[in-house]
1. If one puts a single equal scatterer on every Cα of the range 1-80 and applies the Debye formula without solvent, what log₁₀ I(q)/I(0) results at q = 0.11, 0.16 Å⁻¹?
2. If all Cα-Cα distances of the range 21-66 are sorted into 10 Å bins from 0 onward, what percent lands in each bin, rounded to whole numbers?
3. As a check on your grasp of the helix formula, calculate [θ] at 222 nm for the chain: sum -39500 (n - 2.57) over DSSP H runs of n ≥ 4, divide by the residue count, round to the nearest 500.
4. For a quick check of your reading of the filter: which GluC sites (Glu not before Pro) in the range 296-393 sit in a DSSP loop and have no more than 15 other Cβ atoms within 10 Å?
5. Using only C-alpha positions, report the orientation-averaged shadow area of the convex hull of the range 247-314, nm², one decimal.
6. Please list, or write none, the lysines whose alpha carbon is within less than 18 Å of the alpha carbon of K393, excluding same-chain residues fewer than 8 places away.
7. How large is the direction-averaged shadow of the alpha-carbon convex hull of the range 147-247, in nm²?
8. With only alpha-carbon atoms counted, please give the Rg and Dmax of the chain, in Å.
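The values are calculated or read from the model by the stated rules, or taken from the named source; none is laboratory data. What you see is a predicted model; the values in this text were computed from it and never measured. Positions of Cβ are generated from backbone atoms using ideal geometry, with glycine treated the same way; all protein chains shown enter the neighbour counts. SASA here: full protein model, heavy atoms, side chains in, ligands and nucleic acids out. Shrake-Rupley method; radii C 1.70, N 1.55, O 1.52, S 1.80 Å.
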Amino acid sequence: MPDPITVVGIGADGWHGLSPAARAAIESADILMGSARQLALVPDAPRVAWSSPLSESLPRLLQEHRGQRICVLASGDPTFHGIGTTLVRMLGADAVRVIPHPSSVSLACARLGWPQDQVQVVSLVNQPVERLHPHLQPGRQLLILSRGTQTPAEVAQLLVARGYGSSSMTVLEQLGGSNERVRRAAAADWSDDVDALNVIAVECEGPVLSTVPGLPDDAYENDGQLTKREVRAVTLSRLAPVPGQLLWDIGGGAGSIAIEWSRHHPSCRAIAIERDPDRAKRLERNAAALGGAVNVVEGAAPAALDGLESPDAIFIGGGATAAGMFDVCWNALRPGGRLVTNGVTLETESLIAAWHKTHGGDLVRLSVQRAAPVGTMTGWRPAMPVTIWSVTK
């Protein structure tokens, strides 16, 4: 069996901060791999700097140096948002040996006196800054892994736009190194330039926009094609979001189902299928504004579903009467997956009744009434009743 690849975590303190085991792994390697910044922290040795994109260059480099003792340098803890996880996924746990270093999160919490087990960590290294939205809740402590010099300013701008401008922002640069620097300001007052190696700490102060299903309808830009708040909450309870799972939202409209599914947990993903180009663009704007991990596919289902990743849950909010819709969805759904269909027309309800007769599941008819002016007084105005069918495969 070939020697496992050794992954060594290294901090801004460089060679002097490494353990004896980490130094020995580096010194005994035939080839060192890592970023130019990481390689500059260790003594001279045969080395290869990553080229971009890493996803394409890494397999090639490993193949070129097969049979050699390879040591890979990583920032901090290699299995915490790092190359260690990538290599284990590619090669298997037995083929990778990891020697960790304190992560930027553990160092930041040590400087701030924050309890690691109660801090929410958000990586923006490969994600848009909008992914912060679901985590912005009053009283929460966030540690944000930055992609570079511009990230603190982007975070501050988002906080201000969201009404969190009074939140305290602390930017920690070059943690553990000789040039370590810690600066603090309210998000609304942040204007400093920072080192590319930084972590951002935020103590959130602002309005509530919960991750519980049923956001206010006015949280969405829409043209009326929107699953209303109360119906949305019931629908999502039937879809049962689970971390790591994928939803298809067919007839996405304003995207409320897909967005609130993805806001449930950072690892939840959704594909929203919308045939109207204007609505598709509006859906993308809503997903960005609320931080949903939603991929928008413009096209008409069921044809637009061809080739998509198999889902764990499907919501048919539009197009239920299209020929072959149910069969395509049912065949694509993973075992144990949930399918939910909402209907307000007699035509859709008749189809739902037929599907229910064949496949079972749960049928609910939901009627919502809202208080509204009646002359000088107040009365109840009913919305159209909605039939909700849910079934598990």
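1. For the range 1-80, the Cα-only Debye profile gives -0.26, -0.55.
2. Spelled out bin by bin, the range 21-66 gives 25, 54, 22, 0 percent.
3. Values: 11 runs with 107 residues, N = 393.
Helix-only estimate at 222 nm: -8000 deg cm²/dmol.
4. Numbers: sites: E298, E309, E347, E349; in loops: E309.
When the GluC sites (Glu not before Pro) of the range 296-393 are filtered for loop state and at most 15 Cβ neighbours within 10 Å, E309 remain.
5. On the way: hull surface 15.5 nm².
Its average projected convex-hull area is 3.9 nm².
6. Filter leaves K357.
7. Values: hull surface 35.9 nm².
If you wrap the Cα atoms of the range 147-247 in a convex hull and average its projections, you get 9.0 nm².
8. 25.3, 86
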